[in-house]
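Asker: For reference, the structure I am asking about is given below.
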Amino acid sequence: MFQNLRVRLLLSYLIVMEAILILFSGGIYFLFSRSLSRQLDNKLMTLAEVVAPTFSQVKHQGTQYFTQLGNDNLFNSKTQAIEWFDSEKRRLGSHGNLVVPFEPQPGLLTLYSSKRSSSSRIRTITLSVSLNSSNFQQSSLKGYIRISQSLTELEAEKNQLLLNLVIATLATLGLVTLGGFWLTENAVKPIEKSVQQQKQFTADASHELRGPLTAIKASIDIMSRHPERLHDKDLRKVGAIASATEQMIHLVEDLLFLARTDTPNLQSNPKWTQIMLNNLLQDLVDLLEPLAQEKKITLDYQDLDKVWVMGNEGQLKRLFSNLIYNALNYTPAEGFVMIRLLQNNRWAKVSVKDTGIGIHSKDLPHIFDRFWRADKVRHRSGGTGLGLSIAQSIAHYHRGKITVESQIGIGSYFEVIIPILEIKKSY
Ligand code: ADP
């Protein structure tokens, strides 16, 4: 139960943390790339502004006198190019090694010098150079200046950033997983402890209550043995106290039993022996036959095979008596309760079928829950709602299982399977 809780907690924690990390890294990558692109555009713009006044000089003398820019912070001849064009977009001259095989187009542009590779991208800024004619207040186009920059370095920088972010995200995820284990363990421990304490408390309280209840029962038994000492009215009260005490002892024992099966260190390791189920069931039927007769119910038992199992006799008796007792309890007069025993492969199969009130399909998933009782029987005296939980616990303890089918107004069918002796021997 707690292992499941641990895994679910850890998974939810990891999914949330992973989503946050991926969003965070994606955000950093996006912002940083945008900032790098903007820086590049600003750099190109500055360079264009510096170069613009040289247009006339280059137009008349060519680029051989163009010595203004060397390889410094602003211009890198390996990855950048400055080009001058006339108004017909014919190249007048160029500076730098980068080749841009396109016509100039005014504005900022990203061009692909080869179709597929993103490393062949070039960012260009093209300025129109014009001359103001003072007579007509009109400007006439003299040509263009284009500054280009290969984006290879920028892409490499972005790829490096992406790689670093992926490595950092994976490393953080590793740490988050370790932290997750630690956090989950710390979150589950107090719950586990509190459930453990609750079980211990139930076990202790049931154990402590058993003593006084047995004392009360003994006193009532003595009083009942001398009815002449009691008033008629008191006799009825003593009878009521005796039955209530009986019921409480039953409840306390059931609680103690469940607390012990829940908590491995509380289990008293009941003795396992070889048991012939045929005899065990026959004994139970003999014991409950008077109750069946009293309720005018036909109790029918048939065994088709001789079946041996390994287990605890007291517990198995309790399992089957709970089922048979329920069948008798929830079947009206003139009904039938049929018990069958057979061996199916390596399993002993015991079924208890009745023609009783049945269980609603919506209630079926709950009938093995502790203290669960169907509404219509909730107010009837006798039951505690623990009988089937105990039956299931015992079946599981014997490495078996218990299943149920039922239909309202038609009846119920409970089936218990337990491994037969050959399998048990290997334990
Ligand atoms: P209880 O002490 O109430 O019998 P159980 O755990 O044995 O507690 O059963 C839980 C509930 O399951 C019962 O209250 C009843 O509603 C339903 N139930 C169990 N066995 C039968 C049956 N054979 N027929 C109809 N209802 C049943």
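The values are calculated or read from the model by the stated rules, or taken from the named source; none is laboratory data. All of these numbers come straight from a predicted model, not from anything done at the bench. Don't worry about glycine lacking a Cβ; one is built from the backbone with ideal geometry, like all the others, and counts go over all protein chains shown. For the accessible areas, the whole protein counts, side chains as well, though only heavy atoms, and no ligand, DNA or RNA atoms are used. Shrake-Rupley method; radii C 1.70, N 1.55, O 1.52, S 1.80 Å.
Asker: Any idea which of K199, K189, K233 is at pLDDT 85 or above and not small (G, A, S)?
Answerer: Details: K199 fails: at pLDDT 85 or above; K233 fails: at pLDDT 85 or above.
Residue meeting the stated conditions: K189.
Asker: Further, regarding this structure: Looking at the structure I just gave you, is Y397 within 11 Å of the ligand (Cβ to nearest atom) and either surrounded by fewer than 17 Cβ atoms within 10 Å (Cβ to Cβ) or not aliphatic (A, V, I, L, M) (or both)?
Answerer: Answer is no for this residue.
Asker: Looking only at region 149-190, which residues are β-branched (V, I, T) and within 24 Å of the chain's Cα centre (by Cα)?
Answerer: Here is the first cut: in region 149-190, the residues β-branched (V, I, T) are 152, 166-167, 169, 172, 176-177, 184, 188.
Within region 149-190, T169, T172, V176, T177, T184, V188 qualify.
Asker: Please enumerate the residues belonging to region 217-242 that are surrounded by 12 or more Cβ atoms within 10 Å (Cβ to Cβ) and not in a helix (DSSP H, G or I).
Answerer: Result: L230, single match.
Asker: Any residue at all in region 304-314 that is within 8 Å of the ligand (Cβ to nearest atom), touching a residue at least 24 places away in the same chain (Cβ under 8 Å) and open to solvent by less than 60 Å² (accessible area, probe 1.4 Å)? Don't jump to the end; show me each part of the working.
Answerer: Taking region 304-314 and keeping what is within 8 Å of the ligand (Cβ to nearest atom), we get none.
The answer is no, given that none of the residues of region 304-314 is within 8 Å of the ligand (Cβ to nearest atom), touching a residue at least 24 places away in the same chain (Cβ under 8 Å) and open to solvent by less than 60 Å² (accessible area, probe 1.4 Å).
Asker: Would you pick out the residues in region 247-264 that are open to solvent by 30 Å² or more (accessible area, probe 1.4 Å) and closer than 10 Å to I216 by Cβ?
Answerer: M248
Asker: Hey, another quick one. Among L319, L323, L341, which is the only one that is within 16 Å of the ligand (Cβ to nearest atom), within 45 Å of the chain's Cα centre (by Cα) and within 16 Å of P419 (Cβ to Cβ)?
Answerer: On inspection, the qualifying residue turns out to be L319.
Asker: Quick one: H366 ticks every box in (1) touching a residue at least 40 places away in the same chain (Cβ under 8 Å); (2) over 27 Å from D286 (Cα atoms) bar one, so which box is it?
Answerer: Of the numbered conditions (1) touching a residue at least 40 places away in the same chain (Cβ under 8 Å); (2) over 27 Å from D286 (Cα atoms), the odd one out for H366 is (1).
Asker: Considering region 179-200 alone, what residues qualify as being loosely packed, with under 15 Cβ neighbours inside 10 Å and under 17 Å from I20 (Cα atoms)?
Answerer: Correct list: G179 only.
Asker: Might you check whether a residue that is at pLDDT below 95, in contact with a Lys or Arg (Cβ under 9 Å, 6 or more places away or on another chain), within 16 Å of the ligand (Cβ to nearest atom) and of a type in the set (S, T, Y) occurs anywhere in region 350-369?
Answerer: Within region 350-369, none of the residues are at pLDDT below 95, in contact with a Lys or Arg (Cβ under 9 Å, 6 or more places away or on another chain), within 16 Å of the ligand (Cβ to nearest atom) and of a type in the set (S, T, Y).
Asker: Let me ask something additional. Give region 49-80 a look and list any residue that's modelled with pLDDT of 85 or more and part of a loop (DSSP other than H, G, I, E, B), or say none.
Answerer: Result: T79, single match.
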